[in-house]
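Computed from the coordinates by the stated procedures, all read-outs in this text should not be read as laboratory data. Quick caveat: nothing in here was measured; it's all calculated off a predicted structure. Positions of Cβ are backbone-derived with ideal geometry, glycine not excepted, and every protein chain shown enters the neighbour counts.
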There are 2 protein chains.
Amino acid sequence: MKRPAHIARRMADIEPFHVMDLLARARRLEAAGRSIVHLEIGEPDFATPEPIMEAGRRALADGHTHYTPAVGLPALREAIARFYQDRNGVEVSPERIIITPGASGALLLVMAVLLDPGDQVLMADPGYPCNRHFVRTFEGEPVSVPVGPETAYQLNAGHLEAHWGERTVAALVASPANPTGTLVPRAELERMADLVARRDGRLIVDEIYHGLVYGEPAATALSISDDVFVINSFSKYFGMTGWRLGWIVAPEDYVRPIDKLAQNLFLAAPTPAQHAALAAFRPETLEILEARREAFRERRDFLLPALRALGFGIPLTPEGAFYIYADSSAFDTDSQRLAERLLDQAGVAITPGLDFGHHRPEAHVRFAYTREVAVLEEAVARLRRALG
Amino acid sequence: MKRPAHIARRMADIEPFHVMDLLARARRLEAAGRSIVHLEIGEPDFATPEPIMEAGRRALADGHTHYTPAVGLPALREAIARFYQDRNGVEVSPERIIITPGASGALLLVMAVLLDPGDQVLMADPGYPCNRHFVRTFEGEPVSVPVGPETAYQLNAGHLEAHWGERTVAALVASPANPTGTLVPRAELERMADLVARRDGRLIVDEIYHGLVYGEPAATALSISDDVFVINSFSKYFGMTGWRLGWIVAPEDYVRPIDKLAQNLFLAAPTPAQHAALAAFRPETLEILEARREAFRERRDFLLPALRALGFGIPLTPEGAFYIYADSSAFDTDSQRLAERLLDQAGVAITPGLDFGHHRPEAHVRFAYTREVAVLEEAVARLRRALG
């Protein structure tokens, strides 16, 4: 096959989700009759809550299938603003809320509106792999800062101070983070917002796992400053992954530019999803979501000590999301090889560190507790036999 | 309000949909009790066909709300491939079909995978405004080639020959086109495909209005070459605008890179929409769609001579889409001012040329026949009074 002509240089820097190869291997094993426990998938096992489904069906019955404004349904923007008020006690103007096709669409718009070629964005390594690829896509330069348990795998003001350079325009943090499940403490977020503001840069805070926190509620960056970009999503806490719906809260003077960009790049987020999401903040939905959060907490509280007992190194208790990021070097110096062995021998699929960056990926794996406790018990039993 | 820091330079070149201001003005008039006929909107008035709606409701009932693969549901890719076989007699491997969040997502992926900074893409002016913005977004340079009625407002091989330069990597054509409704003849498409191949470039063909052609069926570029990018959508012919679903047919060696990019930038297209679209190719759906196509033809056949009789200059019969692009200079040398006057005085909203490029926009307006004939009759009567 001939080499494709004119493939953009950026494509050499954009990596696929490596775990997809592992997933394909798992599917082949399943097709051959093997039982596989899937702990590699960053998607809750729960279906979309029934009140949201019902609102989606009603939206279709009512014929809501035409375009919405590029920034989203006014009623949904208002509902999100009320949610910030109710849950976080923060006043956010609906005008600053832009509905997007998933948090992916949100990250895409924010990077496109901010970055000129060569502009740098600081981010933690390990981290969500697409972050650096969004930056690269718009010809920016992701600057991955190695982080470890000593800062809860998060950037702090010291990192920003040390790595902020001539070409740095923004820092991106996620709280809770993927793959580590750790939070940025409020005081640290304040220090970072302050430092970034003094450097005339922008702080981007990914809060897509915000609803899924198991100790003290996490502080939204919006309670600290109106000048940050906050990214959120209906995917994780609200159980709407496949609907593809997220949002940005933007500083006021970026709203018009983002609107313009959204018109051109997306036209709008999916309409049935937007109508369905109107039911996401209703008391009966929130009751379901809170019960699910409790279920996730139980899963974490089972899996975390069990993995530690097996010999995985987990120095911190992950406080949110549904991930445990574990040092696996006691078992193998190559986490990719370990993951393949655990899949083949134990029938347990986990994600090797490679997908999350370049800082010691070979020593780490990620467990997603997106299966019920009985399944996690089976997984731990299998792992014990394979590693014992 | 302070100036936003670090707004990307590309934002200065990306224009909003200017018609939005006119639409807002129309909404204000309507809120004040005025009757407005909307001929400015590029969205069919028809609801999504019932079999697709039913499939959407069933998808929700069956809990299809999780992520799909980044390139889309295998069954949908296969259904599209079968449709090419059935309707166009063209064999297309489902492996080459990538499901996207609307044709917008398709254009975004194709430009991102092709363009390095400074790379040029040739396109017709007038044309769909987002095209040049997609190119600019990825730091490419859109090269807008002025076209007129002598080439049916389309690029031809002569244009490509004349404008192809050192930095040109692709040409983009749309058939039928927005705003003109004109087609590229098959022989011309062949010449262009041939010329672009000889230049080692890529031909991108937007076929999103392909189902809406009123004379001889349009030839898909896929019947000419496997080496073109074809972009299509469920929005227009299939009546699924708000669902946000489209597709790319890519040359084989671009499929993996586009898959990788789609994983990172979108995760996947909306799941309920993909399941709903499985019903788009069923005989009972196609029967509805063909009846709608007939209705669009009747609208065109009413509106076209009526506008000509009023004095609009329409040298060609638009053969597809649902647009009539008309020379309005007999009434006003400034089409924006004319559109505002027709809105205020006649209560008829149309789109001034400004949204479609820089080649004589002030002399043109676009009429979208997305309303039934009785409404078009009323519009023409109003226009006659205002212009008479």
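Please return the longest stretch of chain B lacking exposed loop sites, where GluC sites (Glu not before Pro) count only if DSSP places them in a loop and at most 11 other Cβ atoms lie within 10 Å. Answer from the scan: B:167-388.
Per the Debye calculation on region B:103-170 with a single equal scatterer at every Cα and no solvent contribution, log₁₀ I(q)/I(0) for q = 0.17, 0.18 Å⁻¹ amounts to -0.59, -0.65. The same position B:Ala31 in the other copies lies at 5.7 nm from this copy, comparing label points 7 Å beyond Cα toward the beta-carbon, shortest first.
The lysine pair tally for the protein assembly as shown, using Cα distances under 24 Å and a gap of 8 or more places or different chains, is 4. Once the C-beta distance of A:Arg337 and A:Glu161 is scaled by a Förster radius of 51 Å, the resulting FRET efficiency is 0.85 to the nearest 0.05. Just checking the listed ones, A:Val365, A:Val92, A:Val71: in the Gaussian network model of chain A with Cα springs under 10 Å, the one fluctuating most is A:Val92. Averaging 1/r over each pair of different alpha-carbon atoms in region B:147-194 and inverting the result gives 11.2 Å, the Kirkwood hydrodynamic radius. Once a ≥ b ≥ c are taken as the square roots of the eigenvalues of the Cα gyration tensor of region A:56-164, is the result rounded (a/c under 1.5), prolate (a/b larger than b/c) or oblate (a/b not larger than b/c)? Because a/c hits 1.5 or more and a/b exceeds b/c, region A:56-164 counts as prolate.
Label sites at B:Glu290 and A:Ala330, each approximated as a point 7 angstrom past Cα along Cα to Cβ, lie 6.8 nm apart. Principal axis extents of the Cα atoms in region B:250-333, from largest to smallest and rounded to whole angstrom, are 52, 37, 23. Computed from the C-beta positions of B:Thr317 and A:Met20, the FRET efficiency with R₀ = 60 Å rounds to 0.75. Hydrodynamic analysis of region A:1-78 uses the Kirkwood radius over alpha carbon pairs. Inserted into Stokes-Einstein at 4 °C and 1.567 mPa s, it gives a translational diffusion coefficient of 72 µm²/s. The same position B:Glu362 in the other copies lies at 6.7 nm from this copy, comparing label points 7 Å beyond Cα toward the beta-carbon, shortest first. The ranking of A:Thr137, A:Thr100, A:Thr68 by Cβ neighbour count inside 10 Å, starting from the fewest, reads A:Thr68, A:Thr137, A:Thr100.
Inter-part distance, region A:99-127 to region B:312-388, computed on C-alpha centroids, equals 40 Å.
Under 19 Å from a label point set 7 Å out along the Cα-to-Cβ vector of B:Glu54, the amide N atoms of region B:220-242 belong to B:238-240. Within the listed set B:Leu278, B:Leu310, B:Leu203, the Gaussian network model of chain B (springs between alpha-carbon atoms below 10 Å) gives the highest mean-square fluctuation for B:Leu310. Distance from the alpha carbon centroid of region A:238-299 to that of region B:218-288 works out to 24 angstrom. Please work out, to two decimal places, the log10 of the ratio I(q)/I(0) at q = 0.11, 0.19 Å⁻¹ from a Debye calculation in which every Cα of region A:134-223 carries one identical scatterer. Relative scattering, expressed as log10 I(q)/I(0), comes to -0.30, -0.91. Full extension of the chain between A:Glu141 and A:Glu377 gives 80.7 nm of extra length, using 0.36 nm per residue less the Cα-Cα distance. Based on the alpha-carbon gyration tensor of region B:244-285 and its eigenvalue square roots a ≥ b ≥ c, which shape applies: rounded if a/c is under 1.5, prolate if not and a/b is larger than b/c, or oblate? Oblate shape, in that a/c is at least 1.5 and b/c is the bigger or equal ratio. Between this copy and the others, label points of B:Arg384 are 8.8 nm apart in ascending order, each placed 7 angstrom from Cα in the Cβ direction. Among beta bridges from DSSP that stay inside the protein assembly as shown, the antiparallel ones total about 45%. Sorting B:Ser328, B:Ser93, A:Ser144 by the number of Cβ atoms found within 10 Å of their own Cβ, with the fewest placed first, yields B:Ser93, A:Ser144, B:Ser328. Of all DSSP-defined beta bridges confined to chain B, some 45% are antiparallel rather than parallel. Ratio of Rg to Rh for the protein assembly as shown: 0.97 [Cα atoms; Kirkwood radius as inverse mean 1/r over pairs].
Work out the P(r) tail for chain B: percent of alpha carbon pairs separated by more than 36 Å, whole number. Result for the distance tail: 23 percent.
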